[in-house]
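The structure appears right after this line, and notes come after that.
Coordinate-derived values only; no laboratory data. For clarity, every value in this text was computed on a predicted model and none was experimentally measured. All Cβ positions, glycine included, derive from the backbone under ideal geometry; neighbour counts span all protein chains shown.
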Amino acid sequence: MTMGGTRRGHERWAECGSATVWVAAVCVLIAVALAAGLGIGRGYADRGVARAAADIAALQGADVLINDHLGVQAACTRAEASALANGARVESCEADRERLTITVSVDSLLGIRIRADATAGPVEE
């Protein structure tokens, strides 16, 4: 009897602490899921910043191109200033008559560069 009681006692002690391991594993999984969710959310936010900066820069550049008649260089300079003010960097700026097309990029906290394009000018009928 003593031997049987001792044996059962060892089995019970062998399982003791397994709940701690399971709780730790679940906590790690939750932390990884939260980090992934935050990373994805941050990526969408950065994409929104890039799109907004491209739209605003294209509109302001096209305004200089069409209304002020200062030329492509002045339009691209204004677009670049606008993009920088909105947290983006101009990758390219091209004008075709009265239409300005711009590509901007935003460096994400995730270490990737997010690009966005925008075109502004009169609507063709």
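Helix 18-63 versus the longest principal axis of the chain: what is the Cα-based angle in degrees, 0 to 90, to the nearest 10? Taking the Cα atoms of the chain, the angle to 18-63 is about 0 degrees.
Computed over the Cα atoms of the stretch 54-109, what is the convex hull's projected area averaged over all directions, in nm²?
Working: hull surface 13.0 nm².
Reported value for the Cα convex hull: 3.2 nm².
Once the Cα atoms are used to define both axes, helix 2-15 deviates from the longest principal axis of the chain by about 10 degrees. For the chain, the longest principal axis of the C-alpha atoms and the axis of helix 72-85 are separated by about 30°.
Which value, in nm² and rounded to one decimal, describes the direction-averaged projected area of the C-alpha convex hull of the chain?
Numbers: hull surface 46.2 nm².
That works out to 11.6 nm².
Using only helices, what value at 222 nm comes out for the chain when you add -39,500 (n - 2.57) per DSSP H run of length 4 or more and divide by the total residues, to the nearest 500 deg cm²/dmol? Mind dumping the intermediate values first?
Working: 3 runs with 74 residues, N = 125.
Mean residue ellipticity at 222 nm (helix-derived): -21000 deg cm²/dmol.
A simple charge model with +1 on the Cβ of Lys and Arg, -1 on the Cβ of Asp and Glu and nothing else charged puts the dipole of the chain at about 1080 debye relative to its Cα centre.
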